[in-house]
Amino acid sequence: MPNHALQATSTGKPDITTARLENYDYLPTYSQMERQSSKVKFVEEESEEFKEDFSGKDFVMERVDSQLSLHSQNSQGGGSSRRSIEERLNRDEEITRPEGRFGEGLLGDFRFACGKFINHPNAENFITFVIFCNTIFLVLGTFDFAKENKKVADAFAILDQIFLIIFTFESALQLIYRDIKLFKNRWLTFDFLLVALSWAFQTFTVLRAIRILKIASKIASLQKLITALMDVIPNITAIFSLLMLVFYIFAVMFTTLFKDLDLSADYFSRLDKTVFSLFQFMTMDWQEAAREVQQDFPWAPLLFVLFEIVSGFIVFNLIVAVLCEALGLLEKESEDEGKSASDRERIESMVSLMQRVDDLKMRQMEIKKILGDLSSTPMPQMHDENVAE
């Protein structure tokens with residue numbers, strides 16, 4: 001840049017115009033500055049309608065706070081805080097570098113690499129495939145060709161150990177990456193406990209079937225169903241208490257009325273046997289017993305039908321209704337959180353646009369200041385040279 005373009009004022013000290021012009025690679029001409037100013041004015045004119053609707057960043061930030069407050073209220077129920085759908089389902093958060101003193105240096109790099117590896121979609125798909133293979137081999141192990149042939153049985157045992165080692169490797173990597181925070185995720189905790197129980201009770205081959213439950217942490221539909229069931233446990237507990245009360249009332253009635261009858265099976269001789277019989281009747285297997293009792297008490301089927309209506313239709317339909325409501329609420333929460341995420345993205349784009357408008361406005365003010373200072377300072381030589389070029 002020519003030195004004469006940055007001459008100081010008559011006082012011998014650089015003015016503010018000179019200090020700003022030093023940031024440019026070259027001194028722009030009047031026409032260049034005017035074109036730049038025209039561009040800024042065009043952007044401002046295009047954003048006038050936007051600025052009329054949103055008077056400033058403060059208004060936009062208030063919208064952001066209100067949206068976040070609404071999202072927080074939707075995530076709470078009955079005044080008590082509830083975890084979000086991402087936390088209750090197995091929707092893992094973005095894999096980031098571990099925090100804390102063990103998240104730095106080589107150890108932090110190693111933990112971060114473990115997290116990226118084991119939470120990669122390909123790794124999760126492989127674990128799901130291994131779970132299905134383990135299930136298939138458990139079923140095949142019950143056939144006679146696997147039990148009677150020692151070589152086949154040994155091969156199945158080796159495969160079972162390989163499957164268990166793979167599951168252990170998965171839980172170990174999750175524990176290395178998440179540290180103690182692993183136990184804040186109910187599904188990872190469930191997987192960890194399954195692996196620990198499999199190693200602790202290897203001699204109990206029946207417990208191998210429990211490992212199939214790992215599939216619940218990999219399939220979204222099963223997660224949703226189990227999560228809904230966990231959310232309505234208090235309501236189901238109340239319904240179960242009502243069912244127990246109904247059982248007790250009818251057990252006392254049936255034992256008192258029918259304990260002395262000579263029936264084909266011992267249905268009502270004691271209270272405990274009557275409760276077991278009522279559980280059998282609740283599964284709709286009551287017609288044979290009702291017909292036998294009807295021979296001595298013609299009105300007895302009415303009592304059986306009343307028990308079936310109360311226990312089999314009313315109480316169990318209440319349980320089904322509670323589960324359906326929980327699934328509906330879970331789906332609604334998922335949709336609301338999706339809308340909240342969309343609203344946050346839209347508001348963030350609005351804030352970004354407002355910041356761009358402010359930046360353009362500041363740049364226009366600087367250009368106007370430079371144009372005003374240059375118009376008061378004669379620069380004929382520079383103007384002529386640039387025009388000639």
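Here are the numbers for this structure:
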{"read-out": "Checklist (1) within 26 Å of Phe129 (Cβ to Cβ); (2) surrounded by 17 or more Cβ atoms within 10 Å (Cβ to Cβ); (3) in contact (Cβ under 8 Å) with a residue 40 or more places away in the chain applied to Ile212, failing item", "value": "(2)"}
{"read-out": "Residues (among the β-branched types (Val, Ile, Thr) and either part of a helix (DSSP H, G or I) or without any contact (Cβ under 8 Å) to a residue 12 or more places away in the chain (or both)) located in the range 230-263", "value": "Ile233, Ile236, Thr237, Ile239, Val246, Ile249, Val252, Thr255, Thr256"}
{"read-out": "Unique match (being of a type in the set (Val, Ile, Thr), surrounded by fewer than 12 Cβ atoms within 10 Å (Cβ to Cβ) and either at pLDDT 90 or above or out of contact with any Phe, Trp or Tyr (no Cβ under 8 Å at 6 or more places or on another chain) (or both)) among Thr255, Thr274, Thr283", "value": "Thr283"}
{"read-out": "Filter result for the condition that a residue is among the aliphatic types (A, V, I, L, M), within 23 Å of the chain's Cα centre (by Cα) and within 26 Å of Pro98 (Cβ to Cβ), over Ala216, Ala220, Ala172", "value": "Ala172"}
{"read-out": "Flag if Pro298 is at pLDDT below 90, more than 30 Å from Phe126 (Cβ to Cβ) and out of contact with any helix residue (DSSP H, G or I) (no Cβ under 9 Å at 6 or more places or on another chain)", "value": "no"}
{"read-out": "Residue tally, condition in a helix (DSSP H, G or I), modelled with pLDDT under 90 and over 26 Å from the mean Cα position of the chain (by Cα), over the range 103-133", "value": "3"}
{"read-out": "Among residues of the range 182-209, those that are in a helix (DSSP H, G or I), surrounded by fewer than 18 Cβ atoms within 10 Å (Cβ to Cβ) and modelled with pLDDT under 80, counted", "value": "4"}
{"read-out": "Boolean, Phe304 is without any contact (Cβ under 8 Å) to a residue 40 or more places away in the chain, part of a helix (DSSP H, G or I) and either surrounded by 15 or more Cβ atoms within 10 Å (Cβ to Cβ) or not hydrophobic (A, V, I, L, M, F, W, C) (or both)", "value": "yes"}
{"read-out": "Among residues of the range 219-228, those that are touching a residue at least 60 places away in the same chain (Cβ under 8 Å) and surrounded by 18 or more Cβ atoms within 10 Å (Cβ to Cβ), counted", "value": "4"}
{"read-out": "Any hit, the range 315-326, residues being at pLDDT below 85, within 30 Å of Phe190 (Cβ to Cβ) and touching an Asp or Glu at 6+ places or on another chain (Cβ under 6 Å)", "value": "yes"}
{"read-out": "Evaluation of Leu245 against (1) within 48 Å of the chain's Cα centre (by Cα); (2) surrounded by 12 or more Cβ atoms within 10 Å (Cβ to Cβ) (one fails), failing number", "value": "(2)"}
{"read-out": "Qualifying positions in the range 261-309 - aromatic (Phe, Trp, Tyr), under 16 Å from Leu243 (Cα atoms) and more than 45 Å from the chain's Cα centre (by Cα)", "value": "Phe304"}
{"read-out": "Criterion: exposed (fewer than 12 other Cβ atoms within 10 Å of the Cβ), in a helix (DSSP H, G or I), modelled with pLDDT of 80 or more and out of contact with any helix residue (DSSP H, G or I) (no Cβ under 7 Å at 6 or more places or on another chain) - qualifying residue of Asp384, Asp359", "value": "Asp359"}
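The values are calculated or read from the model by the stated rules, or taken from the named source; none is laboratory data. Everything numeric here is computed off the predicted structure, so don't read it as measured data. We place every Cβ from the backbone using ideal geometry, glycine too, and count neighbours over all the protein chains shown.
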